1. Mind pulling up the Rg/Rh value for the stretch 6-79? Radius of gyration and Kirkwood radius, both on Cα.
2. If neighbour count is taken as other Cβ atoms inside 10 Å, put 52, 130, 147 in order from fewest to most.
3. Could you tell me the relative contact order of the chain? Use alpha-carbon pairs under 8 Å, at least six residues apart, and round to a whole percent.
4. Ranked by Cβ crowding within 10 angstrom, fewest neighbours first, how are 80, 120 ordered?
5. Normalised by the residues of the stretch 6-79, what does the relative contact order come to in percent, with Cα pairs under 8 Å and at least six apart?
6. Using only Cα atoms, tell me the angle between helix 87-97 and the longest principal axis of the chain; keep it within 0 to 90° and round to the nearest 10.
7. Helix-only mean residue ellipticity at 222 nm, the chain, DSSP H runs n ≥ 4 weighted -39,500 (n - 2.57), per residue, nearest 500. What is it?
8. I need 73, 86 ordered by Cβ neighbour count within 10 Å, fewest first.
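Please treat every number below as a calculation from the coordinates, not as lab data. Every value quoted in this text rests on a predicted model; they were computed, and no experiment measured them. Please note: Cβ atoms are built from the backbone with ideal geometry, for glycine as well, and neighbour counts cover all protein chains shown.
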């Protein structure tokens, strides 16, 4: 849903000093296909000794229950460290902490299209319509963080064109010319 190039995900993981496991999903992807592919990846995670999985969900109880059910069968524990946080306060706190991110995808039925490709910053938070959750918790938008606390270095980006696909608008991001990860 974020529409971020794999090269940028790898650069993000490297800058954060964490490992990255990519799960290839077909397009289009049925829920059955998604669950099967994710289950296989999580079986490998469990075999590697990992027992806990953290999610950034904030308040959608049906999504939380779904995630917990999927992990329970595999003997994994789900954690939701941000659960119940006020999204207005959390969004401001993220920006003030130095998180630097770009809106990579918007649902035009829920969010103004012109926000695609925009910096997720204090100015953006001020101009968000009241109906848009400032953390995009209802699927209004998705972001890509390229710098902030925990990053060893910023990821140099170049912004490309906006692309409409499957009812969503994506901002194409690529590594900046000459950037290395």
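1. Working: Rg = 13.4 Å, Rh = 13.8 Å.
Reported Rg/Rh (Cα atoms, Kirkwood Rh): 0.97.
2. Working: 52 9, 130 5, 147 17.
Sorted ascending by nearby Cβ count, the order is 130, 52, 147.
3. Values: 271 pairs, mean separation 46.6, N = 181.
Computed over the chain, the figure is 26 percent.
4. Values: 80 17, 120 24.
Least crowded to most crowded, the residues run 80, 120.
5. On the way: 40 pairs, mean separation 18.8, N = 74.
Reported as a whole number, the value is 25 percent.
6. On a 0 to 90 degree scale, this one is about 70.
7. Details: 5 runs with 57 residues, N = 181.
So the helix-based figure for the chain works out to -9500 deg cm²/dmol.
8. Values: 73 9, 86 13.
If I rank by nearby Cβ atoms, fewest first, I get 73, 86.
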